[in-house]
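Structure first, commentary second.
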Amino acid sequence: MSTVTVPTMDISGTAPTPFLRLVRVEARKAYDTRAGFWLLVSTALLCAIVMVIQMAIGVSQDDVFLSYNSFLTSTNFSIAILLPVIGIMLLTSEWSQRTAMVSFSLEPRRPRVIVAKLVVGLVLAVIAVVIALLLATICNALYSVLSDDPTVWNASVAHTAGFLLLQVVGMLTGFAFAALLLNTPAAIVIYMVYSFVLPGLFELGAQLMDWFDKIRPWIDFNYAQGPLVDATMTGKDWAYFATSGFIWLVVPLVIGFSRVLRAEVK
Amino acid sequence: MIEVVGLTRKYGSFTAVDDVSFVCQPGRVTGFLGPNGAGKTTTMRVMVGLTPATAGRVTIGGHVYQDIPNPGRHVGVLLDASAQHAGRTGREILEIGARTMGLPDSRIDEMIELVSLTPQEAKRRLRNYSLGMKQRLGIAHALLGDPSVLILDEPANGLDPAGIRWMRGLLRGYAERGGTVLLSSHLLHEVEQIADEMILIGNGRIVAQGDKKTLLAGAAKGIATTFVTALDNPALAAALSAKGITVASAGDGLRVEAEAVEVGRTALEATVVLTDLRSADGGLEDLFLELTADTQRETVV
Ligand SMILES: Nc1ncnc2c1ncn2[C@@H]1O[C@H](COP(=O)(O)OP(=O)(O)O)[C@@H](O)[C@H]1O
Ligand SMILES: [Mg+2]
């Protein structure tokens, strides 16, 4: 019965949305809401507060000696915790606020939207690292003025690169869990379990079972990231890192990605 | 411009959209009418690739939606006016749309003005918008990219009567300039005044389609009904009954199963003065209720 002719639409004159434009839009979405804005600001603030507290302790306690690297390590209590949350929110807020409907109707090639978000996440990780390095420099300089301890500038390219890689991995892991679960609270809880509860369980298992102790480095991603902090990665450490990273980062990311691509967006 | 062919969408064993086919032509407003849960939203979501089809396909201007570059420039979509970040202002929401589509900021102000949101309202956060304001914003968002096709899901929902009239004018003008409009509604009166074509859906199936006249002609079994009031109702009733026409009293007057012209003629012959004479225009409404009867939640009496 469809003998009616249906006019066609000329789309030859329209260029596809440039990828960089998508990245710019996604970057804006990361900070233009109150929640997003304060998450970013708190991450930087927390990073500074932890370092200042650390410095205060170092100055007031005679038996505490601090170096540039100890200031950097303090980010375990700030950006290392919040960057993954930023990674999670980049993705899940589209679902909790249901904006994915608009995002995916304006760019139905969903991988482009997701990768644009991933790029924003990576840029934010780099910015966080730069802020942390600057703050550590300032704190260490102040520390050397305020305390009698000798100043130690133990920064190296390997340390800095390792630090950057750690933060990027944290961000990506959060992003991967977010893609897998598409739900803010669930992704945050799972991430926290993964990074705070699981290491303890792995440790326990390794203590109790010999065979588990042997395979643990291959499957415990947190454990495999340890040598990155001290910049003591050996060939074997990289093998551990790659294998456990495949399990905890690549697999969830791939499954999560394919889930987002096929999901019915409500 | 929009062509839906054999579209089916199943959720498990439940069929939300069942082998639906229709066409929306440019220059015309197509009304997509059906009771709650009929499958209107699901059909429209499949059109823009948000829900995958189980079977069948939809093309817009001959293209699958996913193949249209920068689709906001060709197809304006409003599926759910509330599906926007509650913490963004109306203006910010339009800004993000305009940036994504690569449009100048001047376009945002034009659209805000077009949908009669005041600049102050545009600065309010979406969570403080009434449903009607959200719909206006959603229509502004759909029109941002100056598309040639509009897909609007229940856009009149929450609009005040003046707003509905405004939207009617807007969409009429849009279609007259050659645009294609598909709009859904579960309310007949919202659609019948604006739509050139109507597609009636119930339980996921198309139950009737065509323009108003065709639809009514198709339902020819519906006998014409006229409401009439005369100075002397009993005399008129007697004259009509004498012709074998069924008459019943209704309110102040009579309900007559005949064309208005026949009732007028009878009144003239019987020299009865009429004070009111009109065709019962419930034809389409009856048809709608009848066609979707098995899909109604309430049984029609
Ligand atoms: N994700 C889903 N899972 C199961 N059923 C669904 C889903 N989405 C829609 N439905 C069902 O499909 C039917 C059609 O829904 P919808 O298209 O929203 O109807 P309408 O827009 O005409 O009111 C409804 O019965 C609805 O409950
Ligand atoms: Mg609906």
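The values are calculated or read from the model by the stated rules, or taken from the named source; none is laboratory data. From a predicted model like this one, the values you see are computed outputs, not experimental measurements. Counting neighbours? That spans all protein chains shown, and the Cβs are built from the backbone with ideal geometry, glycine included. In case anyone asks, the SASA skips ligands and DNA or RNA and just uses the protein heavy atoms, side chains included. Shrake-Rupley method; radii C 1.70, N 1.55, O 1.52, S 1.80 Å.
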Next item on the list: Output the residues belonging to the stretch A:210-266 that are assigned to a loop (DSSP other than H, G, I, E, B) and buried (at least 16 other Cβ atoms within 10 Å of the Cβ).
Entry: A:Asp220, A:Gln225, A:Ala231, A:Met233, A:Ala263, A:Val265
Check: What about B:Val29, is it within 13 Å of ligand 1 (Cβ to nearest atom), open to solvent by less than 10 Å² (accessible area, probe 1.4 Å) and more than 10 Å from every other protein chain (Cβ to nearest Cβ)?
Finding: no
Note to self: For the stretch B:60-80, give me each residue that is under 27 Å from the mean Cα position of the chain (by Cα), surrounded by fewer than 18 Cβ atoms within 10 Å (Cβ to Cβ) and either more than 7 Å from every other protein chain (Cβ to nearest Cβ) or on the phi > 0 side of the Ramachandran plot (or both).
What the structure shows: B:Gly62, B:Val64
Note to self: Can you go through B:Pro35, B:Pro104 and tell me which one is more than 13 Å from chain A (Cβ to nearest Cβ), more than 16 Å from ligand 1 (Cβ to nearest atom) and not in a helix (DSSP H, G or I)?
What the structure shows: B:Pro104
Next item on the list: Would you be able to tell me the number of residues in the stretch B:32-51 that are open to solvent by less than 10 Å² (accessible area, probe 1.4 Å), more than 23 Å from B:Arg168 (Cβ to Cβ) and hydroxyl-bearing (Ser, Thr, Tyr)?
Entry: 1
Next item on the list: Could you check how many residues of the stretch A:118-140 are within 27 Å of A:Val64 (Cβ to Cβ) and touching a helix residue (DSSP H, G or I) at 6+ places or on another chain (Cβ under 9 Å)?
Entry: 11
Item checked: Those residues of the stretch B:38-80 which are of a type outside the set (S, T, N, Q) and either outside the structural domain of B:Pro155 (by TED's automatic domain parsing) or part of a strand (DSSP E or B) (or both), in sequence order -> B:Ala55, B:Gly56, B:Arg57, B:Val58, B:Ile60, B:His63, B:Val75, B:Gly76, B:Val77, B:Leu78
Note to self: Just checking: which of the helices (runs of 4 or more DSSP H) contained wholly in the stretch A:1-90 hold 1 or more residues that are open to solvent by 70 Å² or more (accessible area, probe 1.4 Å) and facing another protein chain (nearest Cβ under 9 Å)?
What the structure shows: A:19-31, A:34-60
Check: Has the stretch B:3-13 got any residue that is facing chain A (nearest Cβ under 10 Å), open to solvent by less than 50 Å² (accessible area, probe 1.4 Å), assigned to a helix (DSSP H, G or I) and in contact (Cβ under 8 Å) with a residue 40 or more places away in the chain?
Finding: no
Notebook entry, point to check: Which numbered condition trips up B:Ala83, out of (1) open to solvent by 10 Å² or more (accessible area, probe 1.4 Å); (2) within 16 Å of ligand 1 (Cβ to nearest atom); (3) assigned to a loop (DSSP other than H, G, I, E, B)?
Noted result: (1)
Check: Out of curiosity, is B:Ile96 more than 7 Å from every other protein chain (Cβ to nearest Cβ), crowded, with 20+ Cβ neighbours inside 10 Å and out of contact with any strand residue (DSSP E or B) (no Cβ under 8 Å at 6 or more places or on another chain)?
Finding: no
Check: Which residue pairs have Cβ atoms closer than 7 Å, lie 6 or more positions apart in sequence or on different chains, and pair a first residue in the stretch A:211-239 that is within 14 Å of A:Ala158 (Cα to Cα) with a second residue that is loosely packed, with under 13 Cβ neighbours inside 10 Å and of a type in the set (S, T, N, Q)?
Finding: A:Ala231/A:Ser156
Item checked: helices (runs of 4 or more DSSP H) wholly inside the stretch B:122-241 that include at least 2 residues being within 14 Å of chain A (Cβ to nearest Cβ) -> B:131-143
Next item on the list: Please work out which one of (1) modelled with pLDDT under 90; (2) surrounded by fewer than 22 Cβ atoms within 10 Å (Cβ to Cβ) is the condition B:Tyr174 fails and give its number.
Entry: (1)
